[in-house]
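The next block holds one structure in the form of structure tokens; read it before the comments.
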Amino acid sequence: MVNIPQLLQQDAAQTSAWLDGYFDSLNTVSAQNLLAAMRYSAMNGGKRVRASLVLSGARLASSQQSDQPSSQPSDQPSSQQAYQPAHLAVAGAVEMLHAYSLIHDDLPAMDDAELRRGVASCHKAFDEATAILAGDALQTEAFSLLSAPGLMADARRQLDLCAVLAAASGVGGMAGGQMLDLQAETFALDLAETKIMQELKTGALIRASAVMGVIVGGGDAHMQNAVDKFASHLGLAFQIADDLLDYQADADQLGKPAGRDSEQGKASFVELLGLEEARQQADRLIAEACASLDMFGNAADGLRGLAQFVINRNH
């Protein structure tokens, strides 16, 4: 049995330590205020769910590569050695891209949020121009990490990593989803349109995280496809859980103002489905996600546990 809170805590600590070291390596740059804003946003807590998806996907792939019996759970790191440098670099790249998206989401021209995870948003802690540049730089650093010589022995897999993250970030991913989200402030989206918007804005990076983990761990196309299907269901469930939190939680729990989507007139699954149906839909999606991993037996317990955590979290 995988201890998911412990898994998340370990993955988050290892990813944060890796990011901290990476930012230290950039301390010779002349734009120190920009570097400070990048570090501020990327190191601003968070559960690092996306990083854990990368690392859990990599552990699943690595377990199959080493012919570990599928009856043995492989997603519980038992030592420092379990965290391979390439795996952490990919997790760090995903977290940098996620941090960039949050910086830009919070800007006055977007969601106009003053708080993120209980502290001032980047544009409040620094200024708007610095926040924009910090987001730009974090996005660029993510791809610099993935394309760095020596990250992996297989250059084709490195190219695949870049392609998957680029697809999740651009007009067919987070940027396109954010545009639809902004448009939703001026006209109502129906359920199908809301699903498409959230699959792009939130789900795309969640899918990319899990698949990139399999790629860096050496998993084959069959495993990549199965994990992509798993993460596709997970991404939508993740957003439904976010909508439930926004509807039910208070600002102290969320670390940001509650009820913002409703105030801005944005579509949410809770408003479109109702509270109980939204909960049931999230449960169904997670069940479908977990079923996608049946072929890997207990080796995929870490990914399954993360999926259950997503819909049961309280902040």
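Using the basic label-point model (7 angstrom from Cα toward the beta carbon), what is the residue 312 to residue 1 distance in nanometres?
For the pair residue 312/residue 1, the computed spacing is 1.0 nm.
Each label point is 7 Å from the Cα along the Cα-to-Cβ direction; what then is the distance between the points at residue 110 and residue 193, in nm?
Simple spin-label model gives 2.2 nm for this pair.
Just how many pairs of Lys in the range 4-312 have C-alpha atoms closer than 20 Å, counting pairs that are eight or more places apart or on different chains?
Lysine pairs, 8 or more places apart or on different chains, close enough: 9.
Could you go through the range 140-152 in sequence order and give the Karplus-derived ³J(HN,Hα) for each residue, using 6.51 cos²θ - 1.76 cosθ + 1.60 with θ = phi - 60°, rounded to whole Hz, and x for Gly and Pro?
Per residue, the Karplus-derived 3J(HN,Hα) values read 5, 4, 4, 6, 4, 4, 5, 9, 5, x, x, 4, 9 Hz.
State to the nearest 20 debye the size of the charge dipole of the chain about its Cα centre, where the only charges are +1 on K and R beta carbons and -1 on D and E beta carbons.
Working: 21 positive and 38 negative charges, 162 e Å.
With Lys and Arg at +1 and Asp and Glu at -1, about 780 debye.
Looking at 34, 192, 4, which one has the Cα that reaches farthest to the positive end of the dipole of the chain (charges on Cβ: Lys, Arg +1; Asp, Glu -1)?
4
Would you mind checking the radius of gyration and Dmax of the range 119-257 based on alpha-carbon positions, in Å?
Rg and Dmax of the range 119-257, Cα atoms, are 17.2, 49 Å.
To check my understanding: the extent here is largest minus smallest coordinate of the Cα atoms along each principal axis. What are those three numbers for the range 4-312, in Å, largest first?
So the three principal-axis extents are 53, 52, 32 Å.
Give the peptides 281-292, 46-57 in descending order of average Cβ contacts within 10 Å, highest first.
Working: 281-292: 18.7, 46-57: 27.0.
Going by the mean number of other Cβ atoms within 10 Å, highest first, we get 46-57, 281-292.
Once you have the Cα-Cα distance between residue 163 and residue 128, take 0.36 nm times their residue separation minus that, and quote the gain in nm to one decimal. Working shown, then result.
Working: separation 35, 0.36 × 35 = 12.60 nm, distance 2.98 nm.
Additional length available on full extension: 9.6 nm.
Using alpha-carbon pairs under 8 Å, 6+ residues apart, how would you state the relative contact order of the chain in percent? Before the final figure, lay out each step's value.
Working: 489 pairs, mean separation 76.0, N = 315.
24 percent.
Ranking 40, 100 by Cβ neighbours within 10 Å, fewest first, what do you get? Write out the running numbers ahead of the final one.
Numbers: 40 20, 100 25.
Lowest count first: 40, 100.
Here, each number is a calculation from the coordinates, and none is a lab measurement. Bear in mind the structure is a predicted one, so any value in this text is a computation, not a measurement. Cβ atoms come from the backbone with ideal geometry, glycine included; neighbour counts cover every protein chain shown.
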